[in-house]
Amino acid sequence: MRHVRAWLFVPTPLARIALLRILVYAFVPLDVLVLHTSGFYHGWADPVWYKPMIAGQLLHLPPASVLLVELLKWGCVATALLALTGRFPRLAGWACAICWIWYQYIAFAYGKVDHDRGDFVFALVLLPTAGMAHLKDGRRSEAAGFALRGIQIVAIFTYFLSSWAKLRFGHGFEWLDSATVARAVIRRGTPVGELFLQIPWSLHVMQYVMFFAELTSPVIFFVPERMRRLLVGAWYLFHLSVLLTIDIAFWPHLVMMLAFLPLEEYRDRFVGFVGRRFGRAPDVVDEPVMVPDRSP
Amino acid sequence: MTASQLTPDTDDVRLGGASRVWRAVVLIVACALFVGGSLVGDDPWWPFGPWRMFATATKPTGAVSVMSVEVQTTASRSWTAVGLNPPSIGLNRAEIEGQVPQIVHDPSRLGTLAESHAELRPDSPRWTDVRLVRRSTVIENGRPTGQLRMQVLAVWHRGQGNKP
């Protein structure tokens, strides 16, 4: 039990959560304005198409209207921008969570649920629990460790549960030998995907790789740190290949996977590189510059 | 902040007992709901529903169907396929495909698409007739045979009520 507790609340640099927060809240406006806009247009769909989901029935959420979608869309943007500043992390963060989750609810309550966005709900719910965090704060915090751990767990859970869903809805192991990926390529294949369609065994093998990678995904928590980062890289490669073949990217999930990475180390290395490359370390810009005394 | 304080021996910001408990409870409840959604739930459980992207098994030999909506407008009397996307009709293809039985039962739903389109695209010609068509691509051993099938499922005419 003590091990679990230590693992769940592992002290983690506050700078890391501050960096992840910037990436998450920069993503939110991009998401609602550019990447995922179907909820917005539901404001114009006739209410006859509204199919309330369980959360909407419990909370008595109405069908979308033009006013509601405009409010939620710009509410997402405003609260995300406030959260981006790092001030009022809890208030801004949870307000942003409410706006984004409601906006996604509207997107999905018209008969089609995108199955890649439920985990980001918890990125937005958990991130504010870390509280105040500054980009240059070198201290480690248990609250930051928990927020990152929670995001990691939910993100990996989605892979594992995806393999389970294939067994549940794909007639058990029959899924492995089905033409599901071929169907996806026929319906929305890219030129790269079309190439693979001409070699059906390649898509077939991909299904095996995908399924077993998902099924074994929780091992990421039990391997050495170096291996863990390689596994995160492997998942990003997997998502890149999905993007290239069927033009689908699980954007919110891709942001969540960053919770595994030592973002503050990458930043410091990048800043150091820029400093060496351009002959000046931005780190020490704030300090008084020593000017050689040229007076006679 | 009552829950966290600086401990004297390290710089780590610690959490108090209560702060740990509610955080752990939130995470456990979320995980339990995810498991429940995956075991017995379905899409309406969102965000806890099953993670079923590409989870259905497509038979290697059979047909892959795609729905399309075709319209006649005040400018053209020939049936023309239109994009099933939110900026045009407020709904996307999958949402239409997910409610095909309701459309077949009540073709006047197709009329609401014409109205949404008129609001979203006021400058394009008004839709006078809308029909739902299923197009199927036949596949054999995971490869398209080149054979296509087409079937009209529902028709709506402006001013003619719900008669297909």
Compute the helix-to-body angle for A:263-277: its Cα long axis versus the longest principal axis of chain A, expressed 0 to 90° and rounded to tens.
50 degrees
Taking Cα atoms, how many degrees apart are the long axis of helix B:108-120 and the longest axis of chain B, rounded to 10 and kept between 0 and 90?
70 degrees
Inter-label distance for A:ARG277 and B:ARG158, nm, one decimal - labels placed 7 Å from Cα along Cα-to-Cβ:
5.8 nm
Using a cut-off of 29 Å between alpha-carbon atoms, which lysines can reach B:LYS59, once sequence neighbours fewer than 8 places away in the same chain are excluded?
A:LYS112, A:LYS166
Sites B:ASP106 and A:ILE22 - FRET efficiency at Förster radius 35 Å, r taken between beta-carbons, to 0.05
0.10
In Å², what does the accessible area per residue of chain A work out to with a 1.4 Å probe?
49 Å²
Alpha carbon centre of the range B:70-144 versus the range A:128-174: separation in Å?
39 Å
Among B:GLY142, B:GLY90, B:GLY49: highest mean-square fluctuation, GNM of chain B, C-alpha pairs under 10 Å:
B:GLY49
Report the relative contact order of chain A, percent, no decimals, based on alpha-carbon pairs under 8 angstrom and at least 6 residues apart.
22 percent
Projected area, mean over directions - the range A:200-266, Cα convex hull, nm²:
5.2 nm²
With a cap of 16 neighbouring Cβ atoms within 10 Å, and only residues DSSP puts in a loop, list the chymotrypsin sites (Phe, Trp or Tyr not before Pro) found in the range B:15-84.
B:TRP79
Tell me, what is the per residue accessible area of the range B:39-164 in Å², probe radius 1.4 Å?
49 Å²
For the range B:62-157, what does the equivalent ellipsoid look like in terms of its semi-axes, each the square root of 5 times an eigenvalue of the Cα gyration tensor, given largest first in whole Å?
26, 14, 13
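Over the Cα atoms of chain B, Rg to Rh with Kirkwood Rh, two decimal places? Don't skip to the answer; put the middle values down first.
Numbers: Rg = 25.6 Å, Rh = 20.4 Å.
Result: Rg/Rh = 1.25.
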Ignoring ligands, DNA and RNA, please state the percent of accessible area on the protein assembly as shown from carbon and sulfur, probe 1.4 Å.
65 percent
What would the Debye equation give as log₁₀ I(q)/I(0) for the range A:36-121 at q = 0.11, 0.14, 0.23 Å⁻¹, counting only Cα atoms as equal point scatterers?
-0.30, -0.48, -1.12
Rounded to the nearest 20 Debye, what is the dipole magnitude of the range B:62-157 about its Cα centre when Lys and Arg each give +1 and Asp and Glu each give -1 at the C-beta?
300 debye
Asked for the total accessible area buried by B and A (1.4 Å probe, Å², nearest 100), one would answer 6300 Å²
Using a Förster distance of 25 angstrom, determine the FRET efficiency expected from the C-beta separation of A:PHE169 and A:ARG226, and round it to 0.05.
0.10
Residues in the range B:50-89, backbone N under 16 Å from the label point at B:THR145 (7 Å along the Cα-to-beta-carbon vector): list them, ranges by number please.
B:59-65
Express in nm, to one decimal, how much length is gained between A:VAL205 and A:ILE98 on full extension, taking 0.36 nm for each residue of separation and deducting their alpha carbon distance.
34.4 nm
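Using square roots of five times the C-alpha gyration tensor eigenvalues, list the equivalent-ellipsoid semi-axes of chain A in whole Å, biggest first.
Working: eigenvalues 273, 146, 85 Å².
Square roots of five times the eigenvalues give 37, 27, 21 Å.
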Please identify every one of the trypsin sites (Lys or Arg not before Pro) in the range A:150-212 that sits in a loop by DSSP and has no more than 13 other beta carbons within 10 Å of its own beta carbon.
none
Between B:SER116, B:SER108, B:SER19, find the one with the highest GNM mean-square fluctuation for chain B; connect C-alpha pairs within less than 10 Å.
B:SER19
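Sort out the exposed loop chymotrypsin sites (Phe, Trp or Tyr not before Pro) in chain A (DSSP loop, at most 16 other Cβ within 10 Å) and tell me the longest stretch that has none. Mind showing how you got there, number by number?
Working: sites that count: A:PHE222, A:PHE278.
Longest site-free region, per DSSP loop and neighbour criteria: A:1-221.
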What does the average come to when, for each residue of peptide B:20-27, you count the partner chain Cβ atoms lying within 10 Å of its Cβ?
5
Nearest 10 degrees, 0 to 90: helix A:200-215 Cα axis against chain A principal axis:
60 degrees
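The values are calculated or read from the model by the stated rules, or taken from the named source; none is laboratory data. In this text the structure is predicted, and so the values were computed from the model without any measurement. Note that we place each Cβ from the backbone using ideal geometry, even for glycine, and neighbour counts take in every protein chain shown. Heads up: the accessible areas ignore ligands, DNA and RNA and are worked out on the full protein's heavy atoms, side chains in. Shrake-Rupley method; radii C 1.70, N 1.55, O 1.52, S 1.80 Å.
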